[in-house]
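The values are calculated or read from the model by the stated rules, or taken from the named source; none is laboratory data. Bear in mind the structure is a predicted one, so any value in this text is a computation, not a measurement. Glycine also receives a Cβ, built like all others from the backbone with ideal geometry; neighbour counts cover every protein chain displayed.
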Amino acid sequence: MAIDRETQVRERRIVALIGAIQFVNILDFVMVMPMGPDFAKGLHIDLSNLGAIGGAYTLSAAVSGVVGSLFLDRFDRRTALAWAMFGLVIGTVAGGFAWDLPSLIGARVLAGFFGGPASALSMSIIADTIAPERRGRAMGAVMGAFSVASVIGIPVGLELAHRGGWRLPFFAVAGLGIIVNAFALFYLPAMRGHLDLPQEKARGLSGLLRQFSNRDAWLCYGMAIAAMGSAFMVIPNLSAYTQHNLGFPRQSLGLLYLWGGVVSFVVMRVSGWIVDRWGALGVSIAATLVYGIVLWQGIWQWTGNFPVLLVFVPFFIATAMRNVSYNTLVSKVPTPANRARFMSALSAVQHLSTACGAMASSQILSEGPDHRLIGMPQLAAISFAMSLTLPILMFLVEAQVARRAQQALTSLQPAAASR
């Protein structure tokens with residue numbers, strides 16, 4: 001469907017600004033994991049505890065997601081997003097001043113408490129402003145922030161840590177967050193349209209209970225658990241695994257994230273286009289197959305006969321495809337009036353899943369005398385088993401969304417005929 005020039009410019013501006021917000025938000029989270037061996041050395045932290053540090057952020061984000069679901073739909077989305085980003089910046093600065101494991105975990109808890117709502121509000125703004133037939137491409141572009149963070153942010157962060165110490169990237173990301181937040185607050189339009197739909201609102205605790213008792217919502221939560229929980233059993237340990245188990249040099253680690261990010265950025269854009277044209281389920285099935293192959297060749301049956309790059313990059317591809325497909329699909333489930341509430345609750349489940357995945361990995365894995373991670377094959381097996389449930393859940397949700405759309409179309413036909 002063709003759109004006028006003014007709408008096109010407006011949508012592109014919103015996508016660009018939300019993409020920048022997501023870039024800072026995601027970079028704040030993902031940069032900690034590749035730098036894990038660096039600050040583990042600086043703070044005298046055991047490598048097996050890296051999953052707990054990542055889990056602290058996501059567990060806090062899960063709690064804030066539940067809290068945010070009580071009231072986020074009562075405010076202008078732009079204002080709420082600005083406050084969430086401000087809190088994220090404060091938490092990031094605190095991470096740069098950490099002096100031991102408990103203080104670093106505390107800083108990550110603070111950052112996660114604001115990062116979770118910032119992500120939920122970002123996805124709500126995209127769903128509010130972009131029509132469903134173009135939403136897959138918009139989601140792919142916004143979620144490309146993960147790839148850009150990998151292409152630019154993580155290699156730069158690793159280089160800053162290498163040259164100026166592990167604290168410097170925290171301060172750099174916080175400064176960038178202040179700049180991006182100012183631009184978003186100034187250029188994003190006020191977003192209060194959802195406030196004009198009081199008849200669809202269920203406020204406070206009753207709204208939360210209603211949210212968590214909805215069948216479609218629980219299917220979406222199951223999708224989040226399958227996608228995020230399975231991935232984050234592996235992701236916090238990926239840097240240490242490639243260095244100490246696969247023998248990849250630390251000074252070249254940034255190149256892995258660079259190539260992984262470049263390829264996944266392209267994959268996200270293509271995946272969004274495919275989702276818009278043919279639906280999310282096929283993309284999810286393909287992603288699950290790629291994920292299984294990566295785990296098989298890179299962990300279960302690693303022989304060293306091919307470059308580490310051929311393990312690392314396909315892992316990025318699989319997670320990128322999964323994230324675009326399921327996030328686009330879940331954006332079609334809630335109504336506009338309760339979208340932020342729904343997305344906040346979903347964000348809580350996503351972050352709780354990543355926290356559980358990351359913390360479970362720290363319980364399953366142990367560090368050997370040569371710093372190798374012991375237990376990775378068992379971890380990979382559990383991760384893949386979880387990922388197999390995602391296409392099944394997506395099939396159920398996609399069928400329900402299509403059924404609801406058909407019912408809405410059918411209800412409009414008698415009204416059109418009467419006119």
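Quick look at the numbers
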item: Which listed residue is in contact with an Asp or Glu (Cβ under 8 Å, 6 or more places away or on another chain) and surrounded by fewer than 20 Cβ atoms within 10 Å (Cβ to Cβ), from Thr303, Thr335; result: Thr335
item: Checklist (1) under 30 Å from Ile130 (Cα atoms); (2) modelled with pLDDT under 85; (3) surrounded by fewer than 18 Cβ atoms within 10 Å (Cβ to Cβ); (4) not aromatic (Phe, Trp, Tyr) applied to Ala217, failing item; result: (3)
item: Candidates Val93, Val89 - the one that is under 20 Å from the mean Cα position of the chain (by Cα) and either in a helix (DSSP H, G or I) or at pLDDT below 80 (or both); result: Val89
item: Qualifying position, being of a type in the set (A, V, I, L, M), in contact (Cβ under 8 Å) with a residue 24 or more places away in the chain, assigned to a helix (DSSP H, G or I) and within 30 Å of His371 (Cα to Cα), among Val275, Val262, Val283, Val324; result: Val262
item: Condition met for Ser230 (of a type in the set (S, T, N, Q) and touching a residue at least 24 places away in the same chain (Cβ under 8 Å)); result: yes
item: Among (1) at pLDDT below 85; (2) within 20 Å of the chain's Cα centre (by Cα), the one test that Val180 misses; result: (1)
item: Complete set of residues in region 236-267 that are over 15 Å from Val313 (Cα atoms), under 24 Å from the mean Cα position of the chain (by Cα) and surrounded by fewer than 22 Cβ atoms within 10 Å (Cβ to Cβ); result: none
item: Those residues of region 286-308 which are hydrophobic (A, V, I, L, M, F, W, C), more than 28 Å from Lys332 (Cβ to Cβ) and in a helix (DSSP H, G or I), in sequence order; result: Ile293, Val294, Leu295, Trp296, Ile299, Trp300
item: Residue check, Pro391 over 22 Å from Thr242 (Cα atoms) and either of a type in the set (Ser, Thr, Tyr) or outside any helix (DSSP H, G or I) (or both); result: no
item: Selection from region 386-401 of residues that are touching a residue at least 24 places away in the same chain (Cβ under 8 Å) and either surrounded by fewer than 16 Cβ atoms within 10 Å (Cβ to Cβ) or more than 20 Å from the chain's Cα centre (by Cα) (or both); result: Leu388, Phe395, Leu396, Glu398, Gln400, Val401
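Let's see how each residue does on (1) at pLDDT 90 or above; (2) over 16 Å from Val234 (Cβ atoms):
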| residue | (1), (2) |
| --- | --- |
| Met343 | no, yes |
| Ser347 | no, yes |
| His351 | no, yes |
| Gln363 | no, no |
| Gly368 | no, yes |
| His371 | no, yes |
| Ala385 | yes, no |
| Val397 | no, yes |
| Ala408 | no, yes |
